[in-house]
Amino acid sequence: MMSEGSSFMKGMILGGIFCLVISFFETFNSGTHSEGHKHLHHHLKPLSKDELQKLSESQMSDLPLQVRVYCLIMVTPKLLVHWATANDTWSKHCDKSVFYTSESSKALEAVDLQEQDEWARLRKAIKHAYENAGDLRWFFVARPTTFAIIENLKYLVLDKDPSQPFYIGHTEKSGELDYVEYDSGIVLSYESMRRLIEMFKDEDRCPERGHALWKTPEEKQLATCLQYSGVFAENGEDAQGKGLFNKKSVSSLISDSMGQNPADVVEACCPDMAITFAGMSPSQMQVLMYGVYRLRPYGHDFHDSLTFLPPKNSDND
Amino acid sequence: MSSFKQHILFLCGVAVSILLSIMYSWVLRTLTPSFALNGNKPAVKHTAVSRRTALEFSQKVRVLCWVMTQPKHLKSRTQHIRATWGKRCNIVLYMSSEASDFPTVGLNVSEGRSQLYWKTIRAFQHIHTHHLDHADWFLKADDDTFVVLENLRYGLSKHNTEEPLYFGRRYTPFIAQGYMSGGAGYVLSKEALRRFVKGFADGLCTHNTETEDVGLGKCMETMKVQMGDSRDVLGRQTFHPYPPDYYLPRQTRRPRPWYLLYEHYQPVEGPGCCSDLAISFHYIDAVQMHTLEYYTYHLRPYGYKHRFQPDEHLNNRTNI
């Protein structure tokens, strides 16, 4: 009887030691694993209201001056109406907005890159923007089919140092590559631009014209070049984890929300301080301009910690 | 004891031990409050908003809204009003041919375009009987109208409800003094409501048309109710009979399109069409209803100082 019991006990003890060893290894692995994840799946959020209030007065007055945005809007004559709409609406809220086109149009002003290949065009635009940045340290790249609320972009990067590498937007994964989707707009800090332009010289890892039979979309080529320079994509979201960059239109998002959250359509749908929407018609973009900058209920005050003034020579905001 | 039995017992021991460890860690995980799902996010709440002014107004300028609807539309249209702007009225009544748990008020009429003026008459009679003292102003809207109550109150706040007044989107034809578009919504003062009901009681107003906005406009003229000017301090319209995309996009100078033919005031196309403090838009479907709700009450540019500051334009306009 004793010998039976002791065999069983020996078994228990061995099993117990086995489990302890396994769980020890698990925590050790998951520790390093999660760090690796944190590095690749960054979620970038704006400062909270409390954090903002803690900043000193001198810091507060400096901030709007430091966060200034250079908008690169990549157009083609085919997108003329959207080009005109972007020119007449949201781009007026950038500190500097430059339209880069594949070929010139008599109707609208742009930097004519004389380049049909989209990736090559993007590279040229980036180089031009960096050289003409002046004292602007944040760069926003979008097509005219995107609508951006620049004040909310500034709010997102308010406390981020542009001499650090930032590459922000709506992130997606393609195999091992995390990239920012083009349709919902791409935010780059000055340092990211600098590293990118350095990497442009590397014809092997960051070629100007691909040699493959198929074309990799520019958004992925951009992500690859940035990744090689140690810059990783980060998803821009609000405090609740809602994405601030959208490649869908407002009505599309609302419609989805009506299906998924019928009891709470607007609250569950889209963030108050959303940054981009895409896929909207020019007239919908005009309505959005009115909806963002003008339409409001009398008496609702927000006591925001910063002030952004309306742009000069504009009548629709 | 046989060595075989010993081995079996040994293995059992190992198995039991492993099983116990698994059970222990599972119990631990379910009992521990997890941060994994959403991280340390603060409770979801709308940005801190000073609603003091809006609240003061809602007590000083009480608005009763009645929505012209029908049983067929409750699910496709009216529920979206109930979910959005309906709750901002001091009192909201959904008027239909049938009473229901929606809740709707059942009027003694049948459905159909030909019955619209009857519905309007019955609705105002019901309100006069049951709610005259519960509100200061009485708004009629369709079940595809989007209304911003705060801006309505702001406009009405300067006016005296004991005077016979009527505000909305002014149209010219059919009646000498004109009338207010039904779809864009219109508002009667308390005195105007009294006179409308009295007009029918005394036979001075009759059901002389099926077009409810024209009919009501005629009765207003007969009962000497004054037309108000609902444009803002810059002359921009607040009530709109069509959705915003009809008005806002810039146009080259052109003759009036069909939807601007009835306008009493010179229409403006492009950004000057519409006040920042708009009161209504019409022909708004369910998706647009929530979209406008999002634009008006949620989506905003952080820190933006609006170009139009209504209270800075203190002048002596005698209208909204």
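Let me confirm one metric for peptide A:143-151, namely the mean number of other chain beta-carbon atoms within 10 Å of its residues' beta-carbons. Present the calculation step by step, with values, prior to reporting the outcome.
Working: counts 0, 0, 0, 0, 0, 0, 5, 2, 5.
That works out to 1 on average.
Hey, if you put +1 on the Cβ of every Lys and Arg and -1 on every Asp and Glu Cβ in chain A, which of A:Trp90, A:Gly15, A:Val265 ends up farthest toward the positive end of that dipole?
Checking the options against the dipole of chain A, the answer is A:Trp90.
Using the heavy atoms of the protein chains alone and a 1.4 angstrom probe, what is the accessible area of chain A per residue in square angstrom?
Values: 15050 Å² over 317 residues.
For chain A, the per-residue accessible area is 47 Å².
Pull up the cross-link candidates among the aspartates and glutamates for A:Lys106, meaning alpha carbon to alpha carbon under 19 Å and not fewer than 8 places away within one chain.
Partners found: A:Asp88, A:Glu115.
Taking beta carbons within 10 Å but only from partner chains, what does the mean come to for residues B:19-26?
2
Quick check: convex hull over the Cα atoms of segment A:103-237, volume per residue in Å³, rounded to an integer?
For segment A:103-237, the hull spanned by Cα atoms encloses 129 Å³ per residue.
I want the antiparallel fraction of DSSP beta bridges within chain A, as a percent rounded to 5. The partial results should precede the final answer.
On the way: 14 of 33 bridges.
Bridges in chain A are about 40 percent antiparallel.
Among residues other than A:Gln114 whose Cβ falls under 10 Å from its Cβ, what is the net charge (Lys/Arg +1, Asp/Glu -1)?
In short, -1.
What percentage of the solvent-accessible surface of segment B:161-278, computed with a 1.4 Å probe over protein heavy atoms, is contributed by carbon and sulfur atoms? Walk me through the numbers on the way to the answer.
Numbers: 2410 of 4730 Å².
Carbon and sulfur atoms account for 51 percent of the accessible area of segment B:161-278.
Along segment A:295-310, what does the Karplus equation 6.51 cos²θ - 1.76 cosθ + 1.60 (θ = phi - 60°) give for ³J(HN,Hα), rounded to whole Hz, x for Gly and Pro?
4, 6, x, 4, x, 8, 10, 10, 6, 5, 6, 10, 10, 10, 8, x
Mind checking the mean number of beta-carbon atoms from other chains within 10 Å of the Cβ atoms in B:81-87? Before the final figure, lay out the partial values.
Values: counts 0, 0, 6, 2, 0, 0, 0.
Neighbouring Cβ atoms belonging to other protein chains average 1 per residue here.
Would you compute, from DSSP H runs of 4+ residues alone, the mean residue ellipticity of chain A at 222 nm, taking -39500 (n - 2.57) per run and dividing by the full residue count, rounded to the nearest 500?
Calculated mean residue ellipticity at 222 nm is -13500 deg cm²/dmol.
Which GluC sites (Glu not before Pro) from segment B:146-255 combine a DSSP loop assignment with at most 15 other Cβ atoms within 10 Å?
Numbers: sites: B:Glu150, B:Glu162, B:Glu191, B:Glu210, B:Glu212, B:Glu221; in loops: B:Glu162, B:Glu210.
Sparse-neighbourhood loop GluC sites (Glu not before Pro): B:Glu162, B:Glu210.
Quick check on packing: order A:249-257, B:273-281, B:293-301, A:10-18 by the mean number of other C-beta atoms within 10 Å, highest mean leading. Don't skip to the end; give the middle numbers.
Working: A:249-257: 19.1, B:273-281: 25.4, B:293-301: 22.0, A:10-18: 16.8.
My ranking of the peptides, most packed first, is B:273-281, B:293-301, A:249-257, A:10-18.
For chain B, return all DSSP H helices satisfying: extent of Cα atoms along own axis at least 18 Å; mean Kyte-Doolittle hydropathy at least -0.5.
Going by DSSP H runs, the hits are B:3-31.
Of all beta bridges DSSP finds with both residues in segment B:86-207, what is the antiparallel percent, to the nearest 5?
In segment B:86-207, approximately 75 percent of DSSP beta bridges are antiparallel ones.
Calculate for chain B the 222 nm mean residue ellipticity that helices alone would give, adding -39,500 (n - 2.57) per DSSP H run of length 4 or more and normalising by residue count, nearest 500 deg cm²/dmol.
Helix-only estimate at 222 nm: -10000 deg cm²/dmol.
When we measure straight from the Cα of B:Lys5, which lysines land under 18 angstrom away, once same-chain ones fewer than 8 places off are left out?
In chain and number order, the partners are A:Lys10.
The values are calculated or read from the model by the stated rules, or taken from the named source; none is laboratory data. What you see is a predicted model; the values in this text were computed from it and never measured. Here the Cβ is made from the backbone with ideal geometry for all residues, glycine too, and neighbour counts use every protein chain on show. For the accessible areas, the whole protein counts, side chains as well, though only heavy atoms, and no ligand, DNA or RNA atoms are used. Shrake-Rupley method; radii C 1.70, N 1.55, O 1.52, S 1.80 Å.
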